[in-house]
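The values are calculated or read from the model by the stated rules, or taken from the named source; none is laboratory data. Quick caveat, the model's predicted, so the values are computed rather than measured. So basically every Cβ, Gly included, is an ideal-geometry build from the backbone, and we count neighbours across all protein chains shown. Calculation scope for accessible area: heavy atoms of the full protein, side chains included, ligands and nucleic acids excluded. Shrake-Rupley method; radii C 1.70, N 1.55, O 1.52, S 1.80 Å.
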Amino acid sequence: MFNDLLNGDRRALAKAITLVESSAPADMAATTGLLHELATWQASRPQLAFKIGLSGPPGAGKSTLIESFGQYLLEQNKSLAVLTIDPSSPVTKGSLLGDKTRMQQLARQPNVFIRPSPAKSHLGGISEHTGKAISLCEAAGYDIILVESVGVGQSEAEIVKIVDKLVLVLPPASGDELQALKRGIFELADVILINKADGDLKNAAEQSKQSYAGALKLMGRPTPVLSASAKERTGFNALWQTLSKAMMLLLFIATGCAKSGTTTSELIAALQQKNPRIARQALVALTRKPDPKALEAIISYSERKGTEDRIAAILAIRQLNDKRAIPWLYVLSKGHLDESVQNAAAQALTFLENQDR
């Protein structure tokens, strides 16, 4: 399945996401194997897909915006994966809205993959497995990954951990509505986009743009405030120019970290960045550095992270081939609470021990 996914097979990608989302005991072994293949793939190469999160209150027009902006991205010769997180039925835990049905034109394009997933009971505006689904889409070779969250709220700050840039999509609003907007997500957004800037709402959208820009200035945040119309497909050039600057920076880091002239100290500093994308690129690059400090930095990074990043660190240490890691890997292989971490550590331990024979 994973090899088919790497070759861009959309059916294999859909099956892989279904597998990682499954809670069936019968699927656990297959899921562990798939995630191990994914982590091995991630540890050995830069990740070049650009991940954009879209958040906003109900009625902001996020799905319509994705339908229209997605067509714009295709015209820029980009392939596109769209992951939408729907509110869930309290009975079946399945999706209530089914956003794919509202992106019919986009769904018919050969370079587009659209996957709606239920949030179930998971907080944070995303599902429990959204991060894994993003990684699978990246392995399938998509250039841009759009993640549409459930809606705006304080708990939705979790989405910023798994995307490169977060766009907060808002409808034209009155002053009272501006005051009611939750401050947390407002501060976390990288771009504020006033949607529906067309027809009778065009003037209101411009006024909202000015109001939000003023509020952000008072907060001391230089967040860009833009306007767009999904209906008329206007404002997309400015939006893409703003986002693509960040994409070019991440690509520069991805390729620059691998250059032989980059020092271990510079890579360790990048590994400590809050942006998980930058840290992962530095992790890959450190595997090419036969420096004692590299092992210490990777282990320290691992201790601060969750399961996926810890497995990536274990695989990086295996590739680093530093036998000083054997005691640490032994402890993880015997006593870590997560079985997938135990398995990854055991395999890396066996690999390093066999190097002495």
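Extending 7 Å from Cα along the Cβ direction at Leu188 and again at Glu296 yields two label points whose distance is 3.4 nm. Shape class for region 192-235: oblate, because the ratio a/c of the largest to smallest gyration tensor axis (alpha-carbon atoms, square roots of eigenvalues) is 1.5 or more and b/c is at least a/b. On full extension, the segment bounded by Gln105 and Glu75 gains 9.4 nm, given 0.36 nm per residue less the C-alpha separation. The heavy atoms of Phe236 present about 0 square angstrom of accessible area, all protein chains included, probe 1.4 Å. Rounded to the nearest Hz, the phi-derived 3J(HN,Hα) couplings of region 325-342 under the Karplus curve 6.51 cos²θ - 1.76 cosθ + 1.60 (θ = phi - 60°) are 7, 4, x, 5, 5, 4, 4, 5, 5, 9, x, 6, 6, 8, 5, 5, 5, 4, where x marks glycine and proline. Computed on protein heavy atoms with a 1.4 Å probe, the accessible areas place Met103, Met219 in the order Met219, Met103, largest first. Phi angles across region 161-172 convert, under the Karplus curve 6.51 cos²θ - 1.76 cosθ + 1.60 with θ = phi - 60°, into 3J(HN,Hα) values of 6, 10, 10, 7, 9, 10, 9, 8, 9, 10, x, x Hz, Gly and Pro given as x.
Taking amide H as placed 1.01 Å from N in the peptide plane, the amide H of Leu54 sits under 5 Å from that of Val147, Glu148, Ser149, Val167, each at least 5 places away or on another chain. To two decimal places, what compactness ratio does region 266-332 give when its Cα radius of gyration is scaled by 2.2 N^0.38 Å? That ratio works out to 0.99. Using a simple spin-label model with pseudo-atoms 7 Å out from Cα toward Cβ, Lys217 and Ser244 lie 2.9 nm apart. Solvent exposure of Ser63, expressed as accessible area, is near 10 Å², computed with a probe of 1.4 Å over the protein chains only.
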